[in-house]
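Participant: Please see the structure below; I have some questions.
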Amino acid sequence: MPADSRLFEKSSPPFRAPKNRFPEDLRRAVRRLEGRPEPLDEAAGLLPFGIAPIDQALGGGLARAALHEIAAASEAEAAAATGFALALAGFSAPARAVLWVAEEMAHRESGAPYGPGLDEVGLAPEAVLVVAAAHPRDVLWAMEEALRCRAVGAVVGEIRKANAVDGVASRRLSLAAARHQRLALLLRARPETQPVAAATRWIVGAAPSPKRALSAVGPSAFAVRLVRNRHGRLGSWTLEWNRAEHRFELAPTHSQPVAAEIVDRPHSAAVA
Amino acid sequence: MSTDRIRRQWREAGGREEREGLAVVGKRGNVERLVAVDAAAEQRGLRGGLALAEARAMDPALVVVEEDAAADARLLEAVADWCQRYTPLVAVDAPDSVLLDIGGCAHLFGGEAALREDLLARLARFGLTVCASIADTIGAAWAAAHFSGPTCVESGKERDCLAGLPLAALRLPEETVAVLARVGLKRIGDILDLPRAPLAARFGGELLRQLDRALGREREPLNPRLPAPSYFTEQRFAEPIAREEDVLATVARLAQRLCGLLERRGEGARRIELALFRTDGAVRRISVGTARPLRDPQTIRALFGERLAALADAWDPGFGFDLARLAILAAEPAPPQQIGLGANDDPAALDELTDRLAARLGSHRVARLVAHDSHVPELAAAALSAQWSTARSENGWADFRRFRAAVALPPRPLRLLARPEPIEAVAAVPDGPPLRFRWRRALHEVAAAEGPERIEGLWWSEDEAPARDYFRVEDVSGRRFWLFRAGLYRDLAAPRWFLHGMFA
């Protein structure tokens, strides 16, 4: 896939049905009333990873106007999950602001966003607005407010507290994301058991970086598991971050089976 | 004042209404002395400054309470805040006075005498015994109020009315008054006609300065407790309001008035404060900031709506508010077209969002990342309140990128801990990266490491920190951390290691 079609440069304008397509118009109105997501091909857009197996599983790419949950595999891997989430946020809104809303506790425990490092994952620090909140409730409120704002491209909400996002709260976010055609990402410090109304759910951990030179740290690598997907298959992959081009790549299969084994894991195993 | 405060407390706690005299005692030197007495005690001949033992002998039934200077100061400040209903220029004059500059305000209350009556009546209802006087100078008003002079010193008559008052009315230190008394100077009238030079030589410049101030020969500035706003407007209610909707409707109405004024002057508000005067005398102040000059009443109302929602139960309306005042504490020039175009403008939309978030969560909690020209990692970037850093500038990141490209700066972590956390680390060679380290009780085996990147401490600064050797390490499961050793190895007996950040 060519690099330029991978990103959606501009958001589509809010949906307005043409007057002469009455049945289609009605169908959409009903869908909207019922709060069901738009069919994927009609949604504001998909965000292809540019990696065939992942895009296939997602039915073309990550739904842009939806809520996605990204959990760190463990607390020590919070930075990996953050990097993954911020990279996605950066893809979705190249020219617009990205809001990073977090509990103050998360900043204390996992570290505060560091501008020079944001640049490394392809997110311009000048476009980032960092919002801290004392309570998960405030994080959710700020996310919803931000999703409504025209100038915001993507919203990342970081909630550490376990079981702080219930079905109702996540559903509100999900609807707000769909209505305003913006990407909403929920970042968790560890995998949650509580069900969340997200389009997809990911568990992201760190993976050993490919050793291209002797005893040096290679490019960032992520062990990514897609454990819930409303529109397709599940899967698990090892990705590498391409610092120069700001995109993910599938980790090359080495002579040692680092990535190959994981790719073929059945879905049930991935869920567990 | 202290006795009033204590009686008020008793009344609130459940009606301990005593006839006996009440006195507040505090330690002065090595002796427990009376600090304040109430009217009943005063009738029995007790005065402030009396030793407690002596007072007990004079009045065995005296009720004695320990002094609490902090509580008195709080009460005085609350009274000063409450006095803002008469004028924005109110100063606290510790320990027991409040100064009001009512220039230009008195006619709103039906003249000076009527204002004084109103003030005394309201304060008496709160259970405070107050003396008040009105004069042209602070000194004269103070003297008249403290030494039962006339309630209203007419303009130009300061000299006549001060002449009969004791010298202590000039706000002089006690020693000066005592020295003056020793030479037979007891009343202000005694020194009015004395030659100035010997007086100053003998008793110090303070005496003449206070005299000049009281007589209006020297200007004395009032130091208001809260800065006087450039714009404010208020609404009084015959019937107190308590509901949130009523308060917000009032805000919208007041904002409407202010915005007209702002528009005529071509300004917009950056900081707005709502003061609500509760019927029981407490004053609630709620303020919101804005990221760009604002003069839209509905937006102002919405911001206060967020603020009230954030306060939830904390803004206790009690029996309601009888006065609401909206003040603009900071205004900036705003060209008229800026607001008209706002609706279709992305930065404006972002600023509106910032304002809403800041109103609810607090201004410091909504931040923009700013690059600083510093080689020390924690100083190189900062999160500044988004309302006060400019939205459209690039905040120093272009310079940072140029610098990074020029020196080929090694990668920086995605998340930085506010304070580097100490870790236990074992290194293979003294100067090398750690082999394994323990952070937050978990052991990490280092699989790969890059470094060191030496970052010098601030050797020119007072709190000089040692140089740091930073390593970028990856543990066996792929987590990447930014560690450093504080200090050069050769200078240290036992090297100390810290974890500072995490890479994606």
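Participant: Taking a cut-off of 19 Å between Cα atoms, list the aspartates and glutamates near B:K186, but don't count ones fewer than 8 places away on the same chain.
Facilitator: B:E158, B:D160, B:E174, B:E175, B:E206, B:D212
Participant: Sticking with this one: In terms of Cα to Cα distance under 17 Å, which aspartates and glutamates are near enough to B:K27, apart from those fewer than 8 places away along the same chain?
Facilitator: B:E54, B:E66, B:E67, B:D68, B:D72
Participant: Calculate the radius of gyration of the Cα atoms of the stretch B:40-107 to one decimal place, then report Dmax, the largest Cα-Cα distance, as a whole number, both in Å.
Facilitator: Every Cα atom of the stretch B:40-107 included, Rg and Dmax give 17.3, 51 Å.
Participant: Please give the per residue volume of the convex hull enclosing the alpha carbon atoms of the stretch B:231-361, rounded to a whole number of Å³.
Facilitator: Hull volume over Cα atoms, normalised by residue count, gives 91 Å³.
Participant: Along its principal axes, what span do the Cα atoms of the stretch B:118-199 show, with the longest given first and each in whole Å?
Facilitator: 48, 28, 16
Participant: Please compute the modelled spin-label separation between B:E175 and A:R108, points set 7 Å along Cα→Cβ, answer in nm with one decimal.
Facilitator: For the pair A:R108/B:E175, the computed spacing is 4.9 nm.
Participant: If each of B:N223 and B:W10 carries a label point 7 Å out from its Cα toward its Cβ, how far apart are those two points in nm?
Facilitator: With each label point 7 Å from Cα toward Cβ, the separation is 3.6 nm.
Participant: For the stretch A:41-204, rounded, prolate or oblate, judged on the Cα gyration tensor with a ≥ b ≥ c (square roots of eigenvalues), a/c < 1.5 rounded, else prolate if a/b > b/c?
Facilitator: rounded
Participant: Can you tell me the order of B:178-184, B:397-403, A:234-240 when each peptide is scored by its average per-residue count of other Cβ atoms within 10 angstrom, highest first?
Facilitator: Packing proxy ranking, top to bottom: A:234-240, B:397-403, B:178-184.
Participant: At 25 °C and 0.890 mPa s, what whole-number value in µm²/s does Stokes-Einstein give for the translational diffusion of chain B, with Rh from the Kirkwood sum over Cα pairs?
Facilitator: So the translational diffusion coefficient is about 85 µm²/s.
Participant: A follow-up question, please. Which FRET efficiency value, to the nearest 0.05, is calculated for B:S287 and A:E75 with the Förster distance at 41 angstrom and r the Cβ-Cβ distance?
Facilitator: So, using R0 = 41 Å, E works out to roughly 0.60.
Participant: Sticking with this one: Tell me, what does the Kirkwood hydrodynamic radius of the stretch B:62-184 come to in angstroms if you use every pair of distinct C-alpha atoms?
Facilitator: 15.9
Participant: Taking amide H positions as placed in the peptide plane 1.01 Å from N, state which residues far from B:L329 in sequence (5 or more) or on other chains have amide H under 5 Å from it.
Facilitator: Those lying under 5 Å, H to H, from B:L329 are B:R271, B:I272, B:E273.
Participant: Let me check I have the definition right: for the stretch B:415-503, take the eigenvalues of the Cα gyration tensor, multiply each by 5, take square roots. What are those semi-axes in whole Å, largest first?
Facilitator: 21, 14, 11
Participant: Hey, what do the phi angles of the stretch B:42-48 turn into as Karplus ³J(HN,Hα) couplings, whole Hz, using 6.51/-1.76/1.60 and θ = phi - 60°, x for Gly and Pro?
Facilitator: Going residue by residue, I get 5, 4, 7, x, 7, 9, x Hz, with x marking Gly and Pro.
Participant: Turning to a different aspect of this structure: What ranking do A:196-202, B:2-8 get when scored by the average of other Cβ atoms within 10 Å per residue, highest first?
Facilitator: Peptide ranking by packing, descending: A:196-202, B:2-8.
Participant: Moving to a separate point now. Average partner chain C-beta neighbours within 10 Å, per residue of A:92-103?
Facilitator: Partner-chain Cβ atoms within 10 Å, mean over residues of A:92-103: 2.
Participant: Could you give me the ³J(HN,Hα) list for the stretch B:304-310, computed from phi with Karplus coefficients 6.51, -1.76, 1.60 and θ = phi - 60°, whole Hz, x at Gly and Pro?
Facilitator: Using θ = phi - 60°, the values come out as 5, x, 4, 4, 5, 5, 5 Hz.
Participant: Next question, about the same structure. Determine the principal axes of the Cα atoms in the stretch B:367-407, then give the extent along each, sorted from largest to smallest and rounded to whole angstroms.
Facilitator: 33, 21, 10
Participant: Any chance you could get the radius of gyration and Dmax over the Cα atoms of the stretch A:172-228, in Å?
Facilitator: Radius of gyration, then largest Cα-Cα span, for the stretch A:172-228: 16.1, 50 Å.
Participant: Fully extended, how many nm does the chain gain between B:A309 and B:R402 (0.36 nm per residue separation, minus their Cα-Cα distance)?
Facilitator: 29.0 nm
Participant: By its C-alpha gyration tensor, with a ≥ b ≥ c as the square roots of the eigenvalues, how is the stretch A:90-166 shaped: rounded for a/c under 1.5, else prolate for a/b larger than b/c, else oblate?
Facilitator: oblate
Participant: With N set to the number of residues, divide the alpha-carbon radius of gyration of the stretch B:2-67 by 2.2 N^0.38 Å and report two decimals.
Facilitator: 1.06
Participant: About its Cα centre, how strong a charge dipole does the stretch B:196-290 have in debye, to the nearest 20, once Lys and Arg get +1 and Asp and Glu get -1 at the Cβ?
Facilitator: 440
Participant: While we're looking at this one, here's another question. When a footprinting reagent is the concern and you count Cβ atoms within 10 Å, what order do B:T290, B:T233, B:T129 take, fewest first?
Facilitator: Arranged by neighbour count, lowest to highest, B:T290, B:T233, B:T129 become B:T129, B:T233, B:T290.
Participant: Convert 10 °C to kelvin, take the viscosity as 1.306 mPa s, use the Kirkwood radius over C-alpha pairs of the protein assembly as shown as Rh, and evaluate the Stokes-Einstein diffusion coefficient in µm²/s, rounded to a whole number.
Facilitator: Answer from the Stokes-Einstein relation: 50 µm²/s.
Participant: To one decimal place, what Kirkwood hydrodynamic radius in Å is obtained for the stretch B:1-149 from all pairs of distinct Cα atoms?
Facilitator: It works out to 16.7 Å.
Bear in mind these aren't lab numbers, they're just calculated from the coordinates by the rules spelled out. Note that the coordinates shown come from a computational prediction; the quantities given were computed from them, not determined experimentally. Positions of Cβ are backbone-derived with ideal geometry, glycine not excepted, and every protein chain shown enters the neighbour counts.
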